[in-house]
Structures are given as structure tokens and as C-alpha cells.
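What follows is a single structure, written as C-alpha cells, with notes after it.
The values are calculated or read from the model by the stated rules, or taken from the named source; none is laboratory data. All values derive from a computational prediction rather than experimental measurement. Don't worry about glycine lacking a Cβ; one is built from the backbone with ideal geometry, like all the others, and counts go over all protein chains shown. Keep in mind that these areas ignore ligands, DNA and RNA; they rest on the heavy atoms of the full protein, side chains included. Shrake-Rupley method; radii C 1.70, N 1.55, O 1.52, S 1.80 Å.
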Protein chains: 2
Amino acid sequence: MQLLQDRILKDGKVIGSNILKVDSFLNHQLDIALFNEIGKEFKRLFNGCEVTKILTIEASGIAIASITAQYFNNVPVIFAKKYIGINMDNENYEAEVFSFTKNKLYKIRVSKNYINSDDKVLIIDDFLANGRAILGLANAVRQAGAEVVGAGIVIEKGFQKGRGVVEKEGIRVESLAIIEKMDNGEILFKN
Amino acid sequence: MQLLQDRILKDGKVIGSNILKVDSFLNHQLDIALFNEIGKEFKRLFNGCEVTKILTIEASGIAIASITAQYFNNVPVIFAKKYIGINMDNENYEAEVFSFTKNKLYKIRVSKNYINSDDKVLIIDDFLANGRAILGLANAVRQAGAEVVGAGIVIEKGFQKGRGVVEKEGIRVESLAIIEKMDNGEILFKN
């Protein structure tokens, strides 16, 4: 997606050889017009998949998933929770996800009320790196007996093992920008 | 907002005299069509305020703020972070917020890059109860020398002290549904 690649080149900041800061438009300050273009592109890629729910994980995936849902007939968005509140259900699908950016193991939770065996679920997230978050979300979907139609990713770190790990589970991966390399502050996309 | 009140009556669950579970449409599973109506209503209420940024707090506020931004010329949305990641800025506006639903004191952070003294900031959140989150967000805005044009709240617990606390700071509060009482599982709205 050219618009996204251009934006990453313009506003992304590479730190070391592994961290890409895109918090000016993707995961702290959010460019809603860009998110609409992202949503349209996910619709084009997953058109005909009869998506009934969109699943993401707090916090960075929520806005992208919500804007994207508008292009899928406003299907419900569910975000997996990393943190427990007193207002949560007790009956949840649970999975463990290790976050490399927070260096922490999370138990993610999705209420059993909101995914059922008839659902065709599109998973959306901002980044694909090691694939742990996507596997955890897919695990929750499959516990419900539902189908994962695929994973829609905004930025894939193509030099990490996420895609292989996720595809090995039979999950289709569509990334809008795939970074092949980012050494010395320079970003090279896979085209 | 009648549509919202009807939905709360239909799908909200009262637990005890203080907890309202609305996770089927507001803060776990998200009804994006409803969020669009909420966004339109916030636009009607804050029309003419020349909003330049929308500020919210992770995680439940993000989707509402993002959909709402579409009715304010796609102004940038910023969500205050409760949890530190390695991809964060070091220069942040910080404020402390006590969460009653998580029974925890958070330090919230907003990068200094994304709010400046020219900004007119609309704060959006799903609930107003004790007002701590709104005060923390307003504190961050004011550290930036920017203006808080108001707080747009989806559901206000009118029987708690949030509105008084926030209005005392000179902040305009607009809530789309105000619950006056919710005893014995019954919800009574202030009209």
C-alpha cells in the first residue's frame, strides 16, 4: 500500500535495527483519514470472505479494527483484553501472549459471549513481528469453534519470524507494508 | 440520547448498585454503527468549538474517540498510555489516575510531540464515574498550554461525584446518557 509506505518513510523512526516508531500516526497519535484508507484496503483484500466479526487486541489494534469494520458492514469488533477489570465476564477464552515491546507475558481474554461457532473472524493488528499476538487471538477464535478468515496487518517486520509462525497454523496473512530490512535508520520494503 | 438509553436498558447488566456491564456493545464487543451515532451526537454538542485534537485513554475510549473524529474533520486522536513500551517517547506529559474498576493507580502518559499550546482538545471517554481519568487527561492538556474544550462522555454515573469534580476544574461535561440510580438491577436515567 503505497500511501502507507510513503507515510512510514516520512514519519517513521527507526531505533537500532529492530524498533520502528510510528506513534505519530499509528499507535499513539492516530491518523483517522489514513485508517480509513487502511480499512478500504483490508476490505479489498478480504472481500468475499463473509467476515462476521473483527477481533483485535488492546490497545493499538482497536482504532484500526473499528475504522476497518465500517468497510465490512459494521460487523462487531471485539478487542481481547490484557488486563482484568471488575466489569469482566468470568467465562472467557484465554490464551497466553508474550509481548516483546513490553517484555511481558500476558493472558489475553475474550468473553465466550461474543464469538460462536458460526463466526468467520478477521483478525486485525498494527504490527506483525514474532506472531505471538496473532496466534493468541487465533487460539481464542478456534476455542470458540469459529473460523479465522485471516490476519490483516498494517506493518509486518518481514525480517522476523511472525509470518512463518502464523502461516504454519494455516492462517492467511495480508500485510499492507512489509519491511524487509531497517538497518542504519533506513527502511527497505519488500515490494 | 434515546438510542443509547434504549440500548443500555436492553443490553446493560447491573451488578450490585454500582457496576454497569455494557461489554456487549461499548467496551469489549463494539457496536460500530452505534459509535457512529455517538460521534454525530458529540459533533452536535461540541459544534463550533474548533476542536483540533481528540484525547482519550486506553483502552475503552479509543474506538469511540476514533469514530467520533470522523465527524470532526478527521482531527488526530491521541490516546494516553497507561503502560510503558520500548517504543515510547521519553518526553511525556504525565498525570496520575486512580482506576476504581481496576483498583489501581496509573501514571498516564501523552507524548509532548502531539499536543501543543495552539490545540483545542476534546476529551472523550466511555464512562464518567469519579472523574479521575478526565482530570488526568485535562491535566496533560493543560501542561501543554492547550485548551480543554470539554469532556464528551458516553455514560455518566450521575450518582457518583465525577461531574462535580470535573466541572469544578472549569471543564464542560456533556454526557449522552446519565444514570441517576441503578438499584435492584433497575436503571433510572436523568432526563
>> Suppose we filter the stretch A:122-146 for residues that are touching a residue at least 12 places away in the same chain (Cβ under 8 Å) and basic (Lys, Arg); how many remain?
In response: 1
>> Can you tell me which residue is farthest from the other protein chains (Cβ to nearest Cβ) among those in the stretch A:64-94 that are open to solvent by 10 Å² or more (accessible area, probe 1.4 Å) and part of a strand (DSSP E or B)?
In response: A:94
> Of (1) within 13 Å of the chain's Cα centre (by Cα); (2) within 14 Å of another protein chain (Cβ to nearest Cβ); (3) not in a strand (DSSP E or B), residue A:138 satisfies all except one. Which?
Replying inline: (2)
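To keep it simple, each residue is scored yes or no on (1) modelled with pLDDT under 95; (2) closer than 19 Å to residue A:128 by Cβ; (3) more than 10 Å from chain B (Cβ to nearest Cβ); (4) out of contact with any His (no Cβ under 6 Å at 6 or more places or on another chain).
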| site | (1), (2), (3), (4) |
| --- | --- |
| A:1 | no, yes, yes, yes |
| A:6 | no, no, yes, yes |
| A:12 | no, yes, yes, yes |
| A:19 | yes, yes, no, yes |
| A:23 | no, yes, no, yes |
| A:26 | no, yes, yes, yes |
| A:32 | no, no, no, yes |
| A:36 | no, no, no, yes |
| A:41 | no, yes, yes, yes |
>> Just the residues that are charged (D, E, K, R), open to solvent by 60 Å² or more (accessible area, probe 1.4 Å) and either facing chain B (nearest Cβ under 10 Å) or part of a strand (DSSP E or B) (or both), please, taken from the stretch A:95-119.
In response: A:96, A:102, A:104, A:107
> Scanning the stretch B:43-63 for residues that are over 30 Å from residue B:84 (Cβ atoms) and not small (Gly, Ala, Ser), which turns out least open to solvent (accessible area, probe 1.4 Å)?
Replying inline: B:46
> Quick one: is residue A:171 more than 15 Å from residue A:65 (Cβ to Cβ), open to solvent by less than 70 Å² (accessible area, probe 1.4 Å), among the hydrophobic types (A, V, I, L, M, F, W, C) and in contact with a Lys or Arg (Cβ under 9 Å, 6 or more places away or on another chain)?
Replying inline: no
>> Condition first: open to solvent by 20 Å² or more (accessible area, probe 1.4 Å) and within 18 Å of the chain's Cα centre (by Cα). Now tell me which residues in the stretch A:1-11 satisfy that.
In response: A:1, A:5
> Is it the case that some residue within the stretch A:29-44 is touching a strand residue (DSSP E or B) at 6+ places or on another chain (Cβ under 7 Å) and part of a strand (DSSP E or B)?
Replying inline: yes
